[in-house]
Number of protein chains: 2
Amino acid sequence: MRVLVTGAGGFIGAILLRLLHARQRIGNRPIALLAACDQRLGELPAGIAAIEGDLGEAQVMERVAALAPDVCFHLAAVPGGAAEADPALSRRVNLHASLDLFETLANGAARRGAGPPVVVYASTIAVYGHPLPDPVRTDTPARPPMTYGAHKLACEIVLADFTRRGLLDGRSLRLPGIVARPRAPSGLVSAFMSDVMHALKAGEPFTCPVGPSATAWWMSARRCAQNLVHAAVMVPAASGADAASRAWVLPVLRLSMEELVGTLSSVYGVDGRQLVRYTPQPAVEAVFGRYPPLDDRAARALGLRDDGTPSALVQRALDAGFEAAGEDDAWR
Amino acid sequence: MRVLVTGAGGFIGAILLRLLHARQRIGNRPIALLAACDQRLGELPAGIAAIEGDLGEAQVMERVAALAPDVCFHLAAVPGGAAEADPALSRRVNLHASLDLFETLANGAARRGAGPPVVVYASTIAVYGHPLPDPVRTDTPARPPMTYGAHKLACEIVLADFTRRGLLDGRSLRLPGIVARPRAPSGLVSAFMSDVMHALKAGEPFTCPVGPSATAWWMSARRCAQNLVHAAVMVPAASGADAASRAWVLPVLRLSMEELVGTLSSVYGVDGRQLVRYTPQPAVEAVFGRYPPLDDRAARALGLRDDGTPSALVQRALDAGFEAAGEDDAWR
């Protein structure tokens, strides 16, 4: 099985790549070739093929075509804030490069007489409106309020049509915000969701821009990567071939900030009530503190998973040693 | 006001072009330039600029850019059956050329420091699933079951995002089947909807592939063209910037075949019960004989209209003299 990860230099992509490299299989099929594509990849473990460059460049797409992947995890994207700031860049990368990738993969497989390549597409909960409908279900009508979500939704629709035609086997996962991003300044307003975790683990004080009862959806990057891998082998119902029937919201833990702080306190033996000062900012709280319940039964029925417990979320998000403990092998 | 019609050589496009040429204004603004674009345009009335060629060709798009339209009616498309038979062609025309057109119009206006060009986009009821949900409303979740509808929906979403950003002023109309197409063999299964009209007007017998109680949505091409023109000047609510809030189903007459035949009989003084033999084919009836009620209040509130009465539908669809009678001026 030949496997390609686009956006493999990114936060989630790098963890996914490491996970695939450690397992050397997807489901029960061994990986014969693992390839990574991104603008910058840094140093990769031995045995991973590297395609360094922009998916929008013809020669990069040619190398992808030559790779002839059976499974492609398509994560490469301009993130939400950057897409909103530079919509032409989002069109080039999030829309056109993605559509070109789908076409390249479909045409390549058709030419080789191979079955339809599996495409696991990292979509986003940003396809839903703002404020989020209550509750959010997979069949909640998508009303993307920002360029990032609009382009992701357009790609979902085209991918589902390739799937209906039997040219690709597309699976779109609508990802929530994922923790814990590295502590470097990212410019993301949502960075506080990761920063509070790093701060409490280190026993440092933290000023929180949402109140203690603000609720959000939480998922660790490692669990997210596991879900992406699982999405490649899960077996969706054959019926239904439209975008909505090929896209899923991931199961998540819905936790208040107070619950998260309490969990961090007990996992790392710190006094969160002492360390965290809540100074809610209405604008931040409106976007990142009002996540409604999520009806994720369709995703759970296919075997997609949340982090299980708040303490498992925290450990999976922050503890590099978790992988060494064999945790990843527990869920194949 | 500079006006461009793409697909101006097509069934609806040609009628729209004639209507704009006759009126020489949109709303109360005079048309300074009227341009037509299509692969083949034939002979055009004097004063209409012609861009003959494929929107997918760079030099055609350059001529569109040079035209700098304030209003673009975008009708050019590979129709449903042909799109399903040749999805690569649909991707090239219905998806990529449309996205390129939006981008070209937006970039051109931004460069000139002009306001956002109005784009009236001919979308389709094929964005809804099959069978059609009952009732169909504008906010009924779109689940396109065919390539044509999938590509149209993706374009709607991207156009709505251009609109939200203030780069274009997009208005997507989800068109139903339109009558009466010329009597030439089109290969369209739905051709019977036009053919029954031509046959009864001529007093000829007709074998109908759906039963007398089969219901469909009906709109004349001339009313459709009037709605497209009106869509350029109607004033949608400012709130809501997602695709669903920038797309409308048109009001339609929902008539049974028996009602239509009765109307044709009385308008043209023929005996429809004698002339029409019903031999319902389940496959045709399932797709073209089960149109549910349509909740079109949102469209009506904006001034979009159906044909008024069954006899007005028939006359507007079949009578070339209708326009000379000044009918088009009744609705500005």
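Please find, among A:L99, A:L95, the residue that is within 30 Å of A:A283 (Cα to Cα), within 13 Å of chain B (Cβ to nearest Cβ), among the hydrophobic types (A, V, I, L, M, F, W, C) and touching a residue at least 40 places away in the same chain (Cβ under 8 Å).
Values: A:L99 fails: within 30 Å of A:A283 (Cα to Cα).
From the options A:L99, A:L95, the qualifying one is A:L95.
How many residues are outside any helix (DSSP H, G or I) and open to solvent by 60 Å² or more (accessible area, probe 1.4 Å) if we restrict to the stretch A:265-277?
3
Looking only at residues in the stretch B:158-186 that are part of a loop (DSSP other than H, G, I, E, B) and within 9 Å of chain A (Cβ to nearest Cβ), which one is surrounded by the fewest Cβ atoms within 10 Å (Cβ to Cβ)?
B:R165
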| Do you know which of the residues in the stretch B:237-256 that are open to solvent by less than 20 Å² (accessible area, probe 1.4 Å) and within 14 Å of chain A (Cβ to nearest Cβ) is modelled with the highest pLDDT? | B:A247
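Taking B:L228 as the residue in question, decide whether it is among the hydrophobic types (A, V, I, L, M, F, W, C) and surrounded by fewer than 22 Cβ atoms within 10 Å (Cβ to Cβ). Talk me through it step by step, then tell me what you get.
Numbers: among the hydrophobic types (A, V, I, L, M, F, W, C): yes; surrounded by fewer than 22 Cβ atoms within 10 Å (Cβ to Cβ): no.
Criteria not met by B:L228.
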| Which condition does B:G42 not pass, out of (1) within 19 Å of B:R181 (Cα to Cα); (2) within 19 Å of the chain's Cα centre (by Cα), if it passes all the others? | (2)
| query | Going through the stretch A:6-59 one residue at a time, which ones are assigned to a strand (DSSP E or B), under 14 Å from A:L228 (Cβ atoms) and in contact with a Cys (Cβ under 7 Å, 6 or more places away or on another chain)? | reply | A:T6
| message | I need a count of the residues in the stretch B:72-92 that are aliphatic (A, V, I, L, M) and part of a helix (DSSP H, G or I). | response | 5
| request: Consider B:S123 carefully, then state whether it is away from every other protein chain (no Cβ under 14 Å) and under 18 Å from the mean Cα position of the chain (by Cα). | output: no
| request: Within the stretch A:114-157, work out how many residues are touching a residue at least 60 places away in the same chain (Cβ under 8 Å) and surrounded by fewer than 23 Cβ atoms within 10 Å (Cβ to Cβ). | output: 12
| query | If B:P280 satisfies every condition in (1) in a helix (DSSP H, G or I); (2) over 30 Å from B:V119 (Cα atoms) but one, which is the exception? | reply | (1)
| said: Exactly one of these conditions fails for A:E204: (1) part of a loop (DSSP other than H, G, I, E, B); (2) touching a strand residue (DSSP E or B) at 6+ places or on another chain (Cβ under 8 Å). Give me its number. | reply: (2)
| Residue list for the stretch B:187-207, filter: within 16 Å of the chain's Cα centre (by Cα) and surrounded by 21 or more Cβ atoms within 10 Å (Cβ to Cβ) | B:M193, B:S194
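Does the stretch A:67-90 contain at least one residue that is within 12 Å of chain B (Cβ to nearest Cβ), touching a Lys or Arg at 6+ places or on another chain (Cβ under 7 Å) and farther than 23 Å from B:P141 by Cα? Walk me through it before giving the result.
Looking only at the stretch A:67-90, we keep the residues that are within 12 Å of chain B (Cβ to nearest Cβ), and these are A:83-88, A:90.
Keeping just the survivors that are touching a Lys or Arg at 6+ places or on another chain (Cβ under 7 Å) gives A:87.
Imposing the further condition that a residue be farther than 23 Å from B:P141 by Cα reduces the set to A:87.
Yes; the residues of the stretch A:67-90 include at least one that is within 12 Å of chain B (Cβ to nearest Cβ), touching a Lys or Arg at 6+ places or on another chain (Cβ under 7 Å) and farther than 23 Å from B:P141 by Cα.
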| Among (1) hydrophobic (A, V, I, L, M, F, W, C); (2) in contact with a Phe, Trp or Tyr (Cβ under 8 Å, 6 or more places away or on another chain); (3) open to solvent by less than 20 Å² (accessible area, probe 1.4 Å), where does B:W218 come up short? | (2)
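If you check A:A66, A:A126, which single one turns out to be assigned to a helix (DSSP H, G or I), of a type outside the set (D, E) and in contact with a Pro (Cβ under 9 Å, 6 or more places away or on another chain)? Reasoning before the result, please.
Details: A:A66 fails: in contact with a Pro (Cβ under 9 Å, 6 or more places away or on another chain).
Selected residue: A:A126, the only one of A:A66, A:A126 that is assigned to a helix (DSSP H, G or I), of a type outside the set (D, E) and in contact with a Pro (Cβ under 9 Å, 6 or more places away or on another chain).
Within the bounds of the stretch B:7-21, is there any residue that is more than 21 Å from B:R316 (Cα to Cα), under 18 Å from the mean Cα position of the chain (by Cα) and in contact (Cβ under 8 Å) with a residue 24 or more places away in the chain?
Keep residues of the stretch B:7-21 that are more than 21 Å from B:R316 (Cα to Cα), which gives B:7.
Subset that is under 18 Å from the mean Cα position of the chain (by Cα): B:7.
Keeping just the survivors that are in contact (Cβ under 8 Å) with a residue 24 or more places away in the chain gives B:7.
So far as the stretch B:7-21 goes, yes, one or more of its residues are more than 21 Å from B:R316 (Cα to Cα), under 18 Å from the mean Cα position of the chain (by Cα) and in contact (Cβ under 8 Å) with a residue 24 or more places away in the chain.
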| Residue in the stretch A:167-190 that is at pLDDT 95 or above and touching a Gly at 6+ places or on another chain (Cβ under 6 Å) present | no
| request: Scan B:G262, B:G303, B:G272 and give me the residue that is at positive phi and touching a helix residue (DSSP H, G or I) at 6+ places or on another chain (Cβ under 7 Å). | output: B:G303
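This table checks each residue for (1) among the basic types (K, R); (2) farther than 23 Å from A:P182 by Cα; (3) at pLDDT below 95.
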residue	(1), (2), (3)
A:G7	no, no, no
A:G13	no, no, no
A:L17	no, no, no
A:I31	no, yes, no
A:P69	no, yes, no
A:A85	no, no, yes
A:A109	no, yes, no
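The values are calculated or read from the model by the stated rules, or taken from the named source; none is laboratory data. Everything numeric here is computed off the predicted structure, so don't read it as measured data. Reconstructed Cβ throughout: ideal geometry from the backbone, glycine too, with neighbour counts over all protein chains shown. Protein only, heavy atoms only, side chains kept; ligands, DNA and RNA dropped before computing areas. Shrake-Rupley method; radii C 1.70, N 1.55, O 1.52, S 1.80 Å.
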